[in-house]
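**Student:** One structure, as structure tokens, below. Some questions next.
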Ligand SMILES: C[S@@+](CC[C@H](N)C(=O)[O-])C[C@H]1O[C@@H](n2cnc3c(N)ncnc32)[C@H](O)[C@@H]1O
């Protein structure tokens with residue numbers, strides 16, 4: 001038996017036996033730091049302000065923080081601010097002189113996030129930029145970030161990836177949310193109009209020689225990649 005087969009066999013078995021189930025997710029959640037009162041309140045206030053409840057959850061936030069700390073990240077770029085949940089979470093994992101530059105096309109989202117950021121423990125560490133993702137990214141310098149988190153309109157993902165490869169330094173991190181297309185990745189007739197864009201993007205990133213990436217299977221699936 002070849003070495004490759006030896007190594008791959010147990011992995012395939014684990015997947016086929018349904019290693020990652022809803023029960024496993026609950027088990028992980030019970031053993032992962034939850035969200036503090038500030039972020040709980042942010043979620044509630046965002047709902048009350050009719051901002052969609054589509055931010056990342058506490059498990060994903062915790063994982064992203066670990067990745068950022070491990071990468072000793074100081075400068076992070078985010079496309080898709082929404083209510084500021086992920087931006088605040090990421091800023092908390094940065095050193096005192098760290099910065100998150102986060103972009104959103106919706107002025108209402110950007111305003112809400114700015115207010116929350118100003119009231120948070122990371123006020124001064126997050127800049128909110130209002131405008132279309134690509135246009136704003138175009139204004140950021142090459143090699144000016146250690147990490148990027150792409151979490152906006154799926155049709156824009158290929159262009160965001162191009163920009164992030166330019167902006168994130170070599171060896172830096174690129175994280176991309178919703179690789180499982182809102183749970184509809186394998187649907188024959190998906191109802192969400194963005195599923196095709198997610199599928200196409202997943203194939204694009206998998207074939208992109210500049211980024212070594214893997215989809216981490218929690219939340220809605222998140223690409224974690226390193227710029228080569
Ligand atoms: C999934 S939400 C972001 C959630 C946020 N990252 C979090 O976890 O807290 C996606 C956001 O992308 C924004 N967006 C959509 N199209 C955009 C575009 N072309 N440029 C910039 N932002 C965009 C939306 O307004 C929305 O607030």
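**Student:** Being assigned to a strand (DSSP E or B), more than 7 Å from the ligand (Cβ to nearest atom) and in contact with a strand residue (DSSP E or B) (Cβ under 9 Å, 6 or more places away or on another chain) narrows it down to one residue among 122, 77, 136; which is it? Please lay out each step first, then the result.
**Tutor:** Numbers: 122 fails: assigned to a strand (DSSP E or B); 136 fails: assigned to a strand (DSSP E or B).
Criteria check complete, one pass: 77.
**Student:** Given the structure, is residue 152 within 14 Å of the ligand (Cβ to nearest atom), part of a loop (DSSP other than H, G, I, E, B), under 17 Å from the mean Cα position of the chain (by Cα) and in contact (Cβ under 8 Å) with a residue 24 or more places away in the chain?
**Tutor:** yes
**Student:** Consider residue 205 against the criteria (1) in a helix (DSSP H, G or I); (2) free of Cβ contacts under 8 Å to residues at least 12 places away in the same chain: it satisfies all of them except one. Which criterion is unmet?
**Tutor:** Among (1) in a helix (DSSP H, G or I); (2) free of Cβ contacts under 8 Å to residues at least 12 places away in the same chain, the lone unmet condition for residue 205 is (2).
**Student:** Could you check the stretch 80-89 and list, in sequence order, the residues that are more than 12 Å from the chain's Cα centre (by Cα) and either assigned to a strand (DSSP E or B) or within 8 Å of the ligand (Cβ to nearest atom) (or both)? Give the derivation first.
**Tutor:** First, the residues of the stretch 80-89 that are more than 12 Å from the chain's Cα centre (by Cα): 82-84, 88.
Passing the criteria: 82, 83, 84.
**Student:** Further, regarding this structure: With the structure loaded, tell me whether residue 98 is modelled with pLDDT of 95 or more, over 12 Å from the mean Cα position of the chain (by Cα) and closer than 21 Å to residue 219 by Cα or whether it fails that test.
**Tutor:** Details: modelled with pLDDT of 95 or more: yes; over 12 Å from the mean Cα position of the chain (by Cα): yes; closer than 21 Å to residue 219 by Cα: no.
Against the criterion (modelled with pLDDT of 95 or more, over 12 Å from the mean Cα position of the chain (by Cα) and closer than 21 Å to residue 219 by Cα), residue 98 does not qualify.
**Student:** Considering only residues of the stretch 47-57 that are surrounded by 12 or more Cβ atoms within 10 Å (Cβ to Cβ) and either within 9 Å of the ligand (Cβ to nearest atom) or at pLDDT below 95 (or both), which is farthest from residue 175 (Cα to Cα)?
**Tutor:** Here the residue is 51.
**Student:** Is the stretch 169-191 home to any residue that is at negative phi, away from the ligand (no atom under 13 Å from the Cβ), assigned to a helix (DSSP H, G or I) and surrounded by fewer than 23 Cβ atoms within 10 Å (Cβ to Cβ)?
**Tutor:** no
A quick yes/no check of all residues on (1) more than 24 Å from residue 153 (Cβ to Cβ); (2) in a loop (DSSP other than H, G, I, E, B); (3) touching a residue at least 40 places away in the same chain (Cβ under 8 Å); (4) touching a strand residue (DSSP E or B) at 6+ places or on another chain (Cβ under 7 Å):
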residue	(1), (2), (3), (4)
32	yes, yes, no, no
60	no, no, yes, yes
73	yes, yes, yes, yes
93	yes, yes, no, no
96	yes, yes, no, no
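**Student:** Could we say that residue 213 is under 20 Å from residue 78 (Cβ atoms), in contact with a helix residue (DSSP H, G or I) (Cβ under 9 Å, 6 or more places away or on another chain) and touching a residue at least 40 places away in the same chain (Cβ under 8 Å) here?
**Tutor:** Spelling it out, it is not the case that residue 213 is under 20 Å from residue 78 (Cβ atoms), in contact with a helix residue (DSSP H, G or I) (Cβ under 9 Å, 6 or more places away or on another chain) and touching a residue at least 40 places away in the same chain (Cβ under 8 Å).
**Student:** While we're on this one: Which pairs turn up if I take residues in the stretch 103-123 that are closer than 13 Å to residue 136 by Cβ and modelled with pLDDT of 95 or more and look for partners that are near the ligand (Cβ under 8 Å from one of its atoms) and part of a helix (DSSP H, G or I) with beta carbon separation below 8 Å, at least 6 apart in sequence or on another chain?
**Tutor:** Every condition considered, the pairs that remain are 103/133; 103/136; 105/133.
**Student:** Further question on the same structure: I'm checking my understanding of the structure. Among residues of the stretch 98-117 that are assigned to a helix (DSSP H, G or I) and within 10 Å of the ligand (Cβ to nearest atom), which one is surrounded by the most Cβ atoms within 10 Å (Cβ to Cβ)? Spell out the reasoning first.
**Tutor:** Our first condition is that a residue be assigned to a helix (DSSP H, G or I); within the stretch 98-117, this holds for 107-117.
Of the ones still in play, those that are also within 10 Å of the ligand (Cβ to nearest atom) are 107-110, 112-113.
Numbers: 107: 10, 108: 11, 109: 21, 110: 21, 112: 22, 113: 27.
Out of the qualifying residues, it is 113.
**Student:** Right, here's the next one. All but one of (1) near the ligand (Cβ under 9 Å from one of its atoms); (2) within 19 Å of residue 217 (Cβ to Cβ); (3) touching a strand residue (DSSP E or B) at 6+ places or on another chain (Cβ under 9 Å) hold for residue 67, so report the exception by its number.
**Tutor:** Evaluating residue 67 over (1) near the ligand (Cβ under 9 Å from one of its atoms); (2) within 19 Å of residue 217 (Cβ to Cβ); (3) touching a strand residue (DSSP E or B) at 6+ places or on another chain (Cβ under 9 Å) leaves (1) as the failure.
**Student:** Go through (1) touching a helix residue (DSSP H, G or I) at 6+ places or on another chain (Cβ under 7 Å); (2) within 14 Å of the ligand (Cβ to nearest atom); (3) under 29 Å from residue 72 (Cβ atoms); (4) assigned to a loop (DSSP other than H, G, I, E, B) and name the single condition residue 159 misses.
**Tutor:** Every listed condition holds for residue 159 apart from (4).
The values are calculated or read from the model by the stated rules, or taken from the named source; none is laboratory data. These numbers come from a predicted model, not from an experiment. Because the Cβ atoms are built from the backbone with ideal geometry, glycine has one as well, and the counts that use them run over all protein chains shown.
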